[in-house]
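Here is the structure we will look at.
The values are calculated or read from the model by the stated rules, or taken from the named source; none is laboratory data. On a predicted model such as this, the values are computed, not experimentally measured, just so you know. For neighbour counting, all protein chains shown are included, and Cβ atoms are generated from backbone atoms with ideal geometry for every residue, glycine included. All accessible areas refer to the heavy atoms of the entire protein, side chains included, with ligands and DNA or RNA removed. Shrake-Rupley method; radii C 1.70, N 1.55, O 1.52, S 1.80 Å.
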Amino acid sequence: MEDENEQYAKELEVAVRIVHVACALCGRVQEKLLATEVVSKEDDSPVTVADLSVQAITSWFLSKTFGVQNVSIIAEEDVETFSKDDSTGLLEAVVDAVNESLTFASMYGLQSPETTLGTSEVLEAIGRCSSTGGPSGRHWVLDPVDGTLGFVRGDQYAVALALIEDGKVVLGVLGCPNYPVKTEWLNYHYQYHETTSQLSPTTPDACGKGCVLYAKRGSGEAWLQSLIPEDKTLEWSNHARLIRVSSVDDPSLATLCEPVEKANSNHSFTAGLAHSVGLRKQPLRVHSMVKYAAIARGDAEIFMKFAKSGYKEKIWDHAAGVVIVEEAGGVVTDAGGRPLDFSKGTYLEDLDRGIIACSGVTLHGKLIDAVYASWDSSNL
């Protein structure tokens, strides 16, 4: 029988190393994007390159480490993207980004392929990410670039990788390339490219501008590592530090983490709820799953998401963040107070109204009570 401390130890280490490589890949793609003078909002190709390339390298590394037959991956993108008429350039860009990343693999403690990967091998790797999950077996869950808008703007986005076994999230890794190691740097917005060409907005530097958070279910510990510059080697895990949620339990002192995007969220209900509970501080508005990182690190105390009618939450948008927040001492449930169920496939089925993540049980209880009190009069 495997020692409990050792269980998933290799999986977690490999996942952390992969997310470091993926963050560096995204940084290079974002840097090229931001160097372009005009970016059309309709042009999502740079994000698509990052999405598909991260998916390919994650699939390749996991398959190489654990064996193709043992790896099931649930992810957002699929090879259908390449079936469009104008996708030749996209495919070439993805193959180039993948091979460039794989040359850096040894610096992150991973094995590079002996020769560069061809188009068919890259497509095969992406194509392996077609699992639909479910209540049994082992499934890796990947969101290669969470926060498309943040990515395009040079702002916050995340790379998220989690492992689900028999319907339970057993480990999670969250790469946040533009989320600084030191909280006080959050206010700068890191638009270095506007003031200097020497400092890239996305390449991690000595300042520790990006980070990777990770946790293993049942450990009671969540960890943070700085992203490393590409001339350094990732040392496992000696430069990680423990993180804990905030101890604030007074709503008037708590910070609410708000989504920037309004497309899939009911902002008015969240705002009303925040007011009724007594939240008074300026919200922290960030893109993507970085909200879970903010809670786990103690930079904010509350994150709520109430989806608009008809929208279904996908497991890759939450799996990694949930386990990290919980192991850091926080609480994540649906609005009825039930744990999120990751055993139903690619969606969080039977979700009661929305998701509430908190730094502790006191704030969480107040929010759940407020949901019940105000739900009937809401516009959802």
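Near Leu171, the amide H atoms lying under 5 Å from its own belong to Leu163, Arg217; only residues 5 or more places off or on other chains count, and H is placed 1.01 Å from N.
Angle check, please: helix 267-277 long axis (alpha carbons) against the longest principal axis of the chain (alpha carbons), in degrees 0 to 90, nearest 10. Helix 267-277 sits at roughly 50 degrees to that axis. How about region 302-380: which trypsin sites (Lys or Arg not before Pro) there are in a DSSP loop, with at most 11 other Cβ atoms within 10 Å of their Cβ? Those that pass, being in a loop and sparsely packed, are Lys312.
Taking all protein chains as present, what is the carbon and sulfur share of the accessible area of the chain, in % to the nearest whole number, probe 1.4 Å? The nonpolar share, carbon plus sulfur, comes to 48 percent. Using the average count of surrounding beta-carbon atoms within 10 Å as a protection proxy, the listed peptides 336-343, 173-180, 213-220 rank, highest first, as 173-180, 213-220, 336-343. Around the amide H of Glu313, modelled in the peptide plane, lie the amide H atoms of Leu348, all under 5 Å away and 5 or more residues distant in sequence or on another chain.
Evaluating 6.51 cos²θ - 1.76 cosθ + 1.60 at θ = phi - 60° for every residue in region 312-320, the Karplus couplings come out as 10, 6, 9, 5, 6, 7, 9, 3, 5 Hz, glycine and proline recorded as x.
Probing with 1.4 Å while keeping every protein chain in the model, the per residue accessible area of region 251-374 equals 35 Å².
How many angstrom lie between the Cα centre of region 144-159 and the Cα centre of region 324-359? Result: 23 Å between the Cα centres. If I fit a long axis through the Cα atoms of helix 88-103 and take the longest principal axis of the Cα atoms of the chain, what angle between them do I get, 0 to 90°, rounded to 10? Orientation of helix 88-103: about 90 degrees from the principal axis. Axis angle, to the nearest 10 degrees, between helix 45-66 and the longest C-alpha principal axis of the chain: 80 degrees.
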